[in-house]
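Here you go, one structure.
The values are calculated or read from the model by the stated rules, or taken from the named source; none is laboratory data. Every value quoted in this text rests on a predicted model; they were computed, and no experiment measured them. Glycine also receives a Cβ, built like all others from the backbone with ideal geometry; neighbour counts cover every protein chain displayed. For the accessible areas, the whole protein counts, side chains as well, though only heavy atoms, and no ligand, DNA or RNA atoms are used. Shrake-Rupley method; radii C 1.70, N 1.55, O 1.52, S 1.80 Å.
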Amino acid sequence: RASPPRSRTRSAADNLKARAAFAVVRNCVDRFLTIGSANREYLISRGLPADKMFPFPYAIDNSWFRPRDVNARAEAKAKLLQELGIEGPRSVVLFASKLIRRKRCADLVAAFAKLDLKNMNPRPLLVLVGDGEDRVRVARR
């Protein structure tokens, strides 16, 4: 097996620790989310099974969306809840994307449906924004 790609030189002790850690992870984790090809190749080089890896790319530059005004977020949230006719306080989970299978919105809806919403405070609200070929399947969930 080839040595894993490295961003820095590791000592023999660090490599031994990494081997032990990945051996444990390999036996305890069902699936792995990878954030790019380099991450995927690194995990494969450490002995994790490629068939259990799923891509999970960075999708949003959060700093670009950060409010410039300290009160802007609270005001926007209150306005949204009012427009939707929903009484607050609520935590809002927003999915804004094309509704296509590879975006896995149906999985999000299914997971959200399993939450015990009655015992959560503030109670979360799932808001879906978008359209696409997977819309009917998402709506059925």
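Starting from the range 36-58, take each residue that is on the phi > 0 side of the Ramachandran plot and assigned to a helix (DSSP H, G or I) and list its partners that are among the basic types (Lys, Arg) and open to solvent by 50 Å² or more (accessible area, probe 1.4 Å), counting only C-beta distances under 6 angstrom and pairs at least six apart or across chains.
none
Oh, and also: Does the range 31-68 hold any residues that are more than 25 Å from Ser97 (Cβ to Cβ) and either open to solvent by 80 Å² or more (accessible area, probe 1.4 Å) or under 14 Å from the mean Cα position of the chain (by Cα) (or both), and which are they?
Glu41, Asp51 - these are the residues of the range 31-68 that are more than 25 Å from Ser97 (Cβ to Cβ) and either open to solvent by 80 Å² or more (accessible area, probe 1.4 Å) or under 14 Å from the mean Cα position of the chain (by Cα) (or both).
Something else: Would you please name the residue that is least open to solvent (accessible area, probe 1.4 Å), looking only at residues in the range 103-134 that are of a type outside the set (A, V, I, L, M, F, W, C) and touching a strand residue (DSSP E or B) at 6+ places or on another chain (Cβ under 9 Å)?
So, considering only residues that are of a type outside the set (A, V, I, L, M, F, W, C) and touching a strand residue (DSSP E or B) at 6+ places or on another chain (Cβ under 9 Å), the one least open to solvent (accessible area, probe 1.4 Å) is Pro124.
Asn71 versus (1) farther than 29 Å from Val136 by Cβ; (2) touching a residue at least 24 places away in the same chain (Cβ under 8 Å); (3) among the polar types (S, T, N, Q): which is the lone unmet condition?
(2)
Kindly establish whether Ser91 is open to solvent by 50 Å² or more (accessible area, probe 1.4 Å) and hydroxyl-bearing (Ser, Thr, Tyr).
No; evaluated as a whole, the condition is false for this residue.
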